[in-house]
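Peer 1: Questions regarding the structure given below will be posed in turn.
The values are calculated or read from the model by the stated rules, or taken from the named source; none is laboratory data. If you're wondering where the values come from, they're calculated on a predicted model, not measured in any experiment. We place every Cβ from the backbone using ideal geometry, glycine too, and count neighbours over all the protein chains shown. Remember, those area values only see protein heavy atoms, side chains included, never the ligands or the DNA or RNA. Shrake-Rupley method; radii C 1.70, N 1.55, O 1.52, S 1.80 Å.
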Amino acid sequence: MSVTVSVKHIEKNFGRFPALRGVSLNVDGGELLALLGPSGSGKTTLLRAIAGLEEIDAGEVFFDDINANQLTLRERRIGFVFQQYALFKHMSVMDNIAFGLRARPRASRPTKATIHARVLDLLNLVQLDGLEARFPAQLSGGQRQRVALARALAIEPRVLLLDEPFGALDAKVRKDLRRWLRELHQRTGHTTLFVTHDQEEAFELADRVAILNKGKIEQVGTPAQIVNHPATEFVAEFVDGIDLKRINTEASSPAVRLTRNLKIVS
């Protein structure tokens, strides 16, 4: 699960608008990295470029030593979680989570029994035991987001990408899910990138934060490095007023422990 991600000199233009301007970024295997910045800074475009959902004009993306530019979208094996969940409304929770496994080519598709066991394990991991027969409309927003995350994890992704994963939720649910996601990441060990415009969310969750502005990365570092030693005037203004001590105190409050072992699908 600990795949490194290397982004090298990515360029992406939408007409005359430069969304990404020579962006380079290295993400360590097993790292949880936040892409943080104001609207229009290029963070979602960068996430989609890594996933292969956005065709880039120049540059390369590597997973370890594999050039992802030469892979199809399926071959990249990315777990992507959208802000608005993107669940299939006509499918049950079980079928939503199993979709990626059932869609594999016949030669690499697990058996029905293996898929069923994998989905039940994932439901346990995301704390939704017993809800496999429900439909998305019968779930809360927080539950739907956890189903979306379980669906992304089902395919054994090389990299997990989340685009504003808590943006559609209210403040209390967001805060609870942030703590839960941090512990889930520690449990599974996936290399994970997530997009947010919320400074507190980034600094509470991430091992490191990449701050973007106008299609460029202004600074990459730990929350403490960025808050205490901003590299540019933009970063200094952007993180002004952030209280890391308070954020860390709130983040260290007790969270639900994840203990069950996951069965891995070969």
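Peer 1: Specify which residue in the list S140, N228, A107 is farthest towards the positive end of the charge dipole of the chain, using unit charges on the beta carbon of Lys, Arg (+1) and Asp, Glu (-1), about the Cα centre.
Peer 2: Result: A107, furthest along the dipole toward the positive end.
Peer 1: I'd like to check one number: the per residue accessible area of region 136-244, probe 1.4 Å, reported in Å² as a whole number.
Peer 2: Values: 4040 Å² over 109 residues.
Accessible surface, normalised per residue, equals 37 Å².
Peer 1: So which helices of the chain fit the span-like rule, where a helix is a whole DSSP H run, its Cα atoms reach 15 Å or more along the axis, and its mean Kyte-Doolittle is at least 0.5?
Peer 2: For the chain, where a helix must reach 15 Å along its axis and average at least 0.5, the hits are 112-125.
Peer 1: Still on this structure: Under the rule of -39500 (n - 2.57) per DSSP H run of 4 or more residues, summed and divided by the residues of the chain, what mean residue ellipticity at 222 nm is obtained, to the nearest 500 deg cm²/dmol?
Peer 2: Helices in the chain give a 222 nm mean residue ellipticity of -10500 deg cm²/dmol.
Peer 1: Ignoring ligands, DNA and RNA, what accessible area per residue does region 4-106 give at 1.4 Å, in Å²?
Peer 2: Heavy-atom SASA per residue in region 4-106 reads 49 Å².
Peer 1: A further question follows. Report the FRET efficiency, 1/(1 + (r/R0)^6), for T114 and A231, where r is their Cβ-Cβ distance and R0 is 30 Å, rounded to 0.05.
Peer 2: Working: r = 48 Å, r/R0 = 1.61.
Here the calculated transfer efficiency is 0.05.
Peer 1: At what distance in angstrom do the alpha carbon centres of region 1-70 and region 150-211 lie from each other?
Peer 2: Computed from Cα coordinates, the inter-centre distance equals 17 Å.
Peer 1: Dipole of the chain, Cα-centred, from +1 at each Lys and Arg C-beta and -1 at each Asp and Glu C-beta, to the nearest 20 debye?
Peer 2: Dipole magnitude for the chain comes out near 1140 debye.
Peer 1: Within the set K89/K172; K12/K216; K214/K245; K12/K214; K172/K216; K172/K214, which residue pairs have Cα atoms separated by over 21 Å?
Peer 2: In this structure, K89/K172; K214/K245; K172/K216; K172/K214 lie more than 21 Å apart at Cα.
Peer 1: Of K172, K214, K112, which is the most mobile in a GNM of the chain whose springs link Cα atoms less than 10 angstrom apart?
Peer 2: K172
Peer 1: Around N96, with a cut-off of 12 angstrom between Cβ atoms, what is the net charge of the other residues, counting Lys and Arg +1 and Asp and Glu -1?
Peer 2: Every neighbour counted, the sum reads +4.
Peer 1: Can you tell which of N124, I97, L184 lies farthest toward the positive end of the dipole of region 73-219, using +1 and -1 charges on the Cβ of basic and acidic side chains (Lys, Arg; Asp, Glu)?
Peer 2: Value computed over the given set: I97.
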